[in-house]
Each structure stands twice: as C-alpha cells, then as structure tokens.
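**Student:** Please find one structure pasted underneath; my questions will follow.
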Amino acid sequence: MSMTAPNPYASKSHADETKWVCIYPIYLNKKRTTTEGRRVKLDLAIENPTSQEIYDILNHAGLKCRIEKKMHPLDPNRDMNMQGRVRVQLKKEDGKPADAKFPTRQSLMNYACEMIPKLKSRQSGGAGPSQPAASGGKKKKR
C-alpha cells in the first residue's frame, strides 16, 4: 500500500492572492525596450506609468487588485514613488476569467495602456505648467 503525500500546492485556488497576476509599470513604459521589460506594443505603451495609476484603472474596472511595494528586477529606477506592482485576480476559483473583458494578462495590460492617459491626473498634467510655473516665471521677470 503506497501512501502519497498530499500536494501542498493542490489546495491553492485562484482566490489565493499569491496566484493573482502581477503587472509592473515597466511592462507598460514607452521608454523601455522589450529587452528592458516592456511587454506591450510601442504604439500602445505610455510614458512613465505608476503602480498607483495601474491600480486605479483596474480597480475602477471592477477587478480585485492590490498594490505591493516590489520592484521589477530589470527596473533601475530606485525612486520610491515609481516602485511597486499591482496584483490582479485574473481568474475565479473555478478557473474562469474573473471578468469576461479580461481573459488574459495581455488584455489587462492593453486596457491599462488605453485608460491611463484618460486619468484626470494625466489630463491636468498638460495644463499644470501654465498655473504655478507661469506665475513663478512672471515674478522673475519683474
């Protein structure tokens, strides 16, 4: 009679956060090459995304996600504001997609690239310099 030990990984379900997919900002960064870690097409990529922006977009889409303070090994940026990754539940316990709009990890990254430029923080970024910088410049000219 042979007794086999129970597989410790067999009980892991998709609801277990360690099984959720990780999205690092470097995957979406237009300033990186594929060798440097970018995983989306260059025409879809965005400049300097943050883990907070990725989290905001995916959380608003109704996905279960959370931010972790981990760095991608290929990311040389040591700035605390730029660090982090987002863990997202891609599949339910039964193995089916948690959201039919996002069947794959690539679909999550493409959606984030599409939506991050539409964030208010990104929109006001273009108009931002005209407010404080312009007033600072006027004071210097006097």
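The values are calculated or read from the model by the stated rules, or taken from the named source; none is laboratory data. Just so you know, these numbers come straight off a predicted model, no measurement behind them. Quick reminder, even Gly has a Cβ in these numbers, built from the backbone with ideal geometry, and neighbours come from all protein chains shown. Side chains are part of the model used for accessible areas, which takes the heavy atoms of the whole protein and leaves out ligands, DNA and RNA. Shrake-Rupley method; radii C 1.70, N 1.55, O 1.52, S 1.80 Å.
**Student:** Can you find, within segment 24-52, the residue that is farthest from CYS113 (Cα to Cα) among those that are assigned to a loop (DSSP other than H, G, I, E, B), open to solvent by less than 60 Å² (accessible area, probe 1.4 Å) and in contact with a Phe, Trp or Tyr (Cβ under 8 Å, 6 or more places away or on another chain)?
**Tutor:** Across segment 24-52, the extreme among qualifying residues is GLY37.
**Student:** Would you mind telling me which numbered condition in (1) at pLDDT 95 or above; (2) over 20 Å from PRO117 (Cβ atoms) GLY95 fails?
**Tutor:** The number of the failed condition is (1).
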